[in-house]
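A.B. asks: Before anything else, here's the structure in question.
Taken together, the values in this text are just the output of simple stated rules run on the coordinates, not laboratory data. This is a predicted model, so every value here is computed, not measured. Positions of Cβ are backbone-derived with ideal geometry, glycine not excepted, and every protein chain shown enters the neighbour counts.
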Amino acid sequence: MNYKDIIADIEKKLFHPVYFFCGEEAFYIDMLSNAIEKGVLDETEREFNQFVFYGRENNLATVLDAAYRFPMMANHQVIIVKEAQDLKDLMPRTREGKKDKDDEKENLLSTYLDKPQKTTVLVFCYKYKTLDKRTALAKKLDKSAVFFESKKLYDNQVPAWIENYLKDKGLTIGHKALALLAEYLGNDLSKISNELNKMMLNVKAPAEITINDIEQNIGISKDYNVFELQNALGSRDTEKTIRIIDYFASNTKDNPFVVSMGALYSYFSKLLIYHTLKDKSPNSVAAGLGVSPFFVKDYISAARLYPITSLQKIMHILKEYDLKSKGLGNVSMDEGDIYKELILKLIYSDKIVPEGVEDELDEKYFG
């Protein structure tokens with residue numbers, strides 16, 4: 001079942017004896033467990049019939065002992081196991097690194113799945129990892145329980161997720177605003193949803209989310225951000241590039257170097273990929289680069305200014321400064337200085353700069 005089907009069943013009051021939610025992405029695990037927590041029992045029933053166990057503090061035997069009980073003055077009882085990945089004796093024991101088939105057969109959860117308590121709704125929240133689907137327990141859960149794996153999104157899937165999340169709330173978002181959010185918020189759906197929900201306190205449906213809304217409610221500058229930095233570098237606008245990087249260097253807490261480095265690496269990698277594409281029609285480029293068709297023209301323009309030889313040098317520069325930012329190579333520089341030095345190297349990556357000129361440029365632009 002997918003998460004929408006599970007939510008739909010809960011809303012219809014169609015409950016299953018055992019739910020097992022696992023995976024790298026915590027967002028859907030929290031969403032589904034919260035839906036069960038709020039949707040099975042009413043407020044008067046929860047006091048005596050809803051229990052939360054934490055994996056680090058309990059073992060499977062204790063959880064199942066509670067699961068076998070009958071509800072009090074209600075049709076169901078709800079037992080939610082949070083941090084189930086830390087639950088003692090949940091997984092089969094191992095010997096010399098190999099799973100023991102007899103241990104799998106004797107697993108308490110496997111036995112419970114053979115004959116679950118029909119009036120209990122038992123929920124396992126197994127976060128940040130998944131089960132080995134080759135094991136007997138995983139196969140039995142898939143067959144006898146509601147088993148849902150919450151997978152982490154790839155970076156190129158995030159914009160569509162944000163767009164759909166807002167659409168469900170009656171909101172739309174422009175292409176540039178969407179790209180800015182996706183670039184800055186990463187692929188942690190819990191973080192993204194929290195920021196979007198915060199913004200929606202002030203931006204009501206029906207409305208279109210703008211870059212101004214993002215700046216005012218999330219705190220991402222509409223003028224000084226990674227997206228604008230990419231555009232400035234892509235058009236070889238030196239003055240604009242310097243202004244943005246000077247702002248970054250003065251505000252490293254809000255603009256961590258590692259985030260900017262990741263964005264620049266992704267951007268210049270896409271320009272390299274563009275040069276390798278045989279079909280350079282807009283739709284083919286959008287698919288090949290994994291970007292919205294809206295931005296294809298920007299990549300095409302930038303690629304004209306950055307031949308493959310220049311991009312190869314840039315990739316080496318990015319690698320060099322990634323290492324510097326991690327303190328490798330006996331380098332002792334703060335993030336602000338690394339930002340400034342990196343950007344000068346990128347601006348003049350395809351030029352021969354005489355000795356001493358870099359110091360003059362540093363003085364000219366950064367004082």
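A.B. asks: In square nanometres, what is the average projected area of the Cα convex hull of segment 180-233?
C.D. replies: 3.8 nm²
A.B. asks: With point charges of +1 on the Cβ of Lys and Arg and -1 on the Cβ of Asp and Glu, referenced to the Cα centre of the chain, which listed residue (THR241, GLY23, SER110) lies farthest in the positive direction of the dipole?
C.D. replies: SER110
A.B. asks: For labels at LYS253 and TYR265 in the simple 7 Å Cα→Cβ model, what's the distance in nm?
C.D. replies: 2.6 nm
A.B. asks: Tell me what the chain gives for mean residue ellipticity at 222 nm when only DSSP H runs of n ≥ 4 count, each as -39,500 (n - 2.57), the sum divided by the residue total, rounded to 500 deg cm²/dmol.
C.D. replies: The helix contribution divided over the chain gives -16500 deg cm²/dmol.
A.B. asks: Are there any helices in the chain, counted as whole DSSP H runs, that stretch 24 Å or more along their axis by Cα and score at least -0.5 on average by Kyte-Doolittle, and if so which?
C.D. replies: Qualifying helices, which must be both long enough and hydrophobic enough, are 257-276, 308-325.
A.B. asks: Under 20 Å Cα-Cα from LYS82, which lysines qualify once same-chain neighbours fewer than 8 residues away are excluded?
C.D. replies: LYS38, LYS127, LYS129, LYS151, LYS152, LYS191
A.B. asks: To continue, here is another question. Excluding PHE257 itself, what net charge comes from residues whose Cβ is under 13 Å from its Cβ, given Lys and Arg +1 and Asp and Glu -1?
C.D. replies: Taking every other residue near PHE257 into account, the sum is -2.
A.B. asks: If you don't mind, there's one more thing I want to ask. To the nearest 0.05, how large is the calculated FRET efficiency for ASP334 and ASP155 if R₀ is 35 Å and r is the Cβ-Cβ distance?
C.D. replies: Result of the calculation: an efficiency of 0.80.
A.B. asks: Using label points projected 7 Å from each Cα along Cα→Cβ, tell me how many nm separate LEU201 and ASP42, to one decimal.
C.D. replies: Inter-label distance under the simple model: 3.2 nm.
A.B. asks: So for segment 3-149, what percent of the C-alpha to C-alpha distances run longer than 23 Å?
C.D. replies: Counting every Cα pair in segment 3-149, those more than 23 Å apart make up 31 percent.
A.B. asks: So how strong a dipole does the chain carry about its Cα centre when Lys and Arg Cβ are +1 and Asp and Glu Cβ are -1, to the nearest 20 debye?
C.D. replies: Details: 50 positive and 56 negative charges, 281 e Å.
Magnitude of the dipole: close to 1360 debye.
A.B. asks: If R0 is 45 Å, what FRET efficiency do you get for LEU323 and VAL52 from their C-beta distance, rounded to 0.05?
C.D. replies: 0.50
A.B. asks: Take the chain, mark every one of the GluC sites (Glu not before Pro) that falls in a DSSP loop and has at most 15 other Cβ within 10 Å, then report the longest stretch left between them, sites excluded.
C.D. replies: With a cap of 15 other Cβ atoms within 10 Å, the longest stretch comes to 97-354.
A.B. asks: A further question follows. Suppose R0 equals 56 Å. What FRET efficiency, 1/(1 + (r/R0)^6) with r the Cβ-Cβ distance, do ILE218 and ASP350 give to the nearest 0.05?
C.D. replies: Here the calculated transfer efficiency is 0.95.
A.B. asks: Taking the Cα centre of segment 226-366 as origin, work out the dipole magnitude from +1 charges on Lys and Arg Cβ and -1 charges on Asp and Glu Cβ, in debye rounded to 20.
C.D. replies: Charge dipole of segment 226-366: 800 debye, to the nearest 20.
A.B. asks: Which entry in (1) 87, 59, 33; (2) 81, 56, 43; (3) 97, 58, 41 is this structure's computed Cα extents along the principal axes in Å?
C.D. replies: Of the listed options (1) 87, 59, 33; (2) 81, 56, 43; (3) 97, 58, 41, (2) comes from this structure.
A.B. asks: If you don't mind, there's one more thing I want to ask. Between LEU277 and ALA35, how many nm apart are label points set 7 Å from Cα along the C-beta direction?
C.D. replies: Rounded to a tenth, the inter-label distance reads 3.7 nm.
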